[in-house]
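**Student:** A single structure is presented below for examination.
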């Protein structure tokens, strides 16, 4: 720990941190320090620039509230949220892909029966959402908890209003014996992510817009199946290919239909001509996801020439 220099500071930090007994934490910190130090050396980072970064992160933290998570927003706009989800919740072919949670999920949503409405906005275009949830073999999944949420017709979530006094545009449903769940909502609209905080200022500095394409969020939970956080995006939305938080995937883009049959309209209690969103979600078991996480991690470590042990499908350096 003497005569620390630009060249030996990294190995000294690793030496001190190596006392950590948590193998996974020690590995993550070792790589974090290595990459951070390399960034400083590669860019010849100045004291002024580093203080600007610290002040920015401080402002991000100070902007967070119970209903606004600015750090999640920062993670989203840097593409980190989607990357972490893709690695931690890998999907085999045919399974529904995940996407970003976003900063406006809450635990306020109430349980509703099939056919219930989630939105009170009278200016929104009525939408019937009719979906199924199955396993990778096509078997309908019963008793899956589905959390759904969306903005109002102006592009705001309920918690963004100062007079917010309860959930709106969100609900929790449970799939039936046939794996079906359905509800009434409004057609999603594009909207800007919050741009009045430090993340918004960063986007402005980068010359980026702050808009998200029209979408509706879905989150699936079941004791046997790997959690799925996803969303459905409307085809041909002006921001479909430039989502500010990198959430769009081709398999999650849908084209709205119309309820054209009177019998169908009557069955679901909507008007003929109403907008219709249909989708078949496919979940994978926790065991499938764990095995795939391990396979992907092992392949990635092999490509890097690293021999590793694995804890819960996650790599850690081998013990000497």
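**Student:** What are the pairs, 6+ residues apart or on separate chains, where a residue within region 16-28 that is loosely packed, with under 11 Cβ neighbours inside 10 Å has its Cβ under 9 Å from a residue that is part of a helix (DSSP H, G or I)?
**Tutor:** 18/26; 18/30; 19/26
**Student:** Determine whether region 277-298 contains at least one residue that is over 23 Å from residue 137 (Cα atoms), outside any helix (DSSP H, G or I), in the same structural domain as residue 79 (by TED's automatic domain parsing) and within 24 Å of the chain's Cα centre (by Cα).
**Tutor:** yes
**Student:** Just wondering, is there one or more residues in region 267-275 that are surrounded by 15 or more Cβ atoms within 10 Å (Cβ to Cβ), farther than 23 Å from residue 215 by Cα and free of Cβ contacts under 8 Å to residues at least 12 places away in the same chain?
**Tutor:** Taking every residue of region 267-275 in turn, none turns out to be surrounded by 15 or more Cβ atoms within 10 Å (Cβ to Cβ), farther than 23 Å from residue 215 by Cα and free of Cβ contacts under 8 Å to residues at least 12 places away in the same chain.
**Student:** Then there is this: If you take the residues of region 36-51 that are surrounded by 11 or more Cβ atoms within 10 Å (Cβ to Cβ) and assigned to a helix (DSSP H, G or I), which of them is farthest from the chain's Cα centre (by Cα)?
**Tutor:** Filtering first and then ranking leaves 41.
**Student:** Of the residues that sit in region 219-257 and are part of a loop (DSSP other than H, G, I, E, B) and more than 18 Å from the chain's Cα centre (by Cα), which one is surrounded by the most Cβ atoms within 10 Å (Cβ to Cβ)?
**Tutor:** Of everything passing the filter in region 219-257, 237 is surrounded by the most Cβ atoms within 10 Å (Cβ to Cβ).
**Student:** Residue 317 passes all but one of (1) free of Cβ contacts under 8 Å to residues at least 40 places away in the same chain; (2) not assigned by TED's automatic domain parsing to the domain that holds residue 84; which number fails?
**Tutor:** (1)
**Student:** Among the residues of region 299-320, how many are part of a helix (DSSP H, G or I) and within 18 Å of residue 85 (Cβ to Cβ)?
**Tutor:** 1
**Student:** Among the listed residues 103, 122, 93, which satisfies the condition of being under 20 Å from residue 150 (Cα atoms) and loosely packed, with under 14 Cβ neighbours inside 10 Å?
**Tutor:** None of the other options fit; the residue is 122.
**Student:** What tally of residues in region 62-89 results from selecting those that are exposed (fewer than 12 other Cβ atoms within 10 Å of the Cβ) and either in contact with a helix residue (DSSP H, G or I) (Cβ under 8 Å, 6 or more places away or on another chain) or assigned to a helix (DSSP H, G or I) (or both)?
**Tutor:** Total meeting the criteria: 1.
**Student:** Would you please name the residue that is surrounded by the most Cβ atoms within 10 Å (Cβ to Cβ), looking only at residues in region 125-138 that are touching a residue at least 40 places away in the same chain (Cβ under 8 Å) and over 23 Å from the mean Cα position of the chain (by Cα)?
**Tutor:** Restricting to residues being touching a residue at least 40 places away in the same chain (Cβ under 8 Å) and over 23 Å from the mean Cα position of the chain (by Cα), the top hit is 128.
**Student:** Next up: Looking only at region 281-302, decide whether some residue is within 22 Å of residue 128 (Cα to Cα) and surrounded by fewer than 17 Cβ atoms within 10 Å (Cβ to Cβ).
**Tutor:** Looking through region 281-302, none of the residues is within 22 Å of residue 128 (Cα to Cα) and surrounded by fewer than 17 Cβ atoms within 10 Å (Cβ to Cβ).
**Student:** Okay, next question. Determine which single condition residue 145 fails, assuming it passes every other condition in (1) surrounded by fewer than 20 Cβ atoms within 10 Å (Cβ to Cβ); (2) under 21 Å from the mean Cα position of the chain (by Cα); (3) more than 30 Å from residue 271 (Cα to Cα).
**Tutor:** (3)
**Student:** Another question about this same structure. Where residues in region 183-203 are over 20 Å from the mean Cα position of the chain (by Cα) and without any contact (Cβ under 8 Å) to a residue 12 or more places away in the chain, which of them is surrounded by the fewest Cβ atoms within 10 Å (Cβ to Cβ)?
**Tutor:** Per the stated criteria, the residue is 196.
The values are calculated or read from the model by the stated rules, or taken from the named source; none is laboratory data. This structure is a prediction, so every number in the text was calculated from the model and none was measured. Cβ coordinates were reconstructed from backbone atoms using ideal geometry, including for glycine residues, and neighbour counts include every protein chain displayed.
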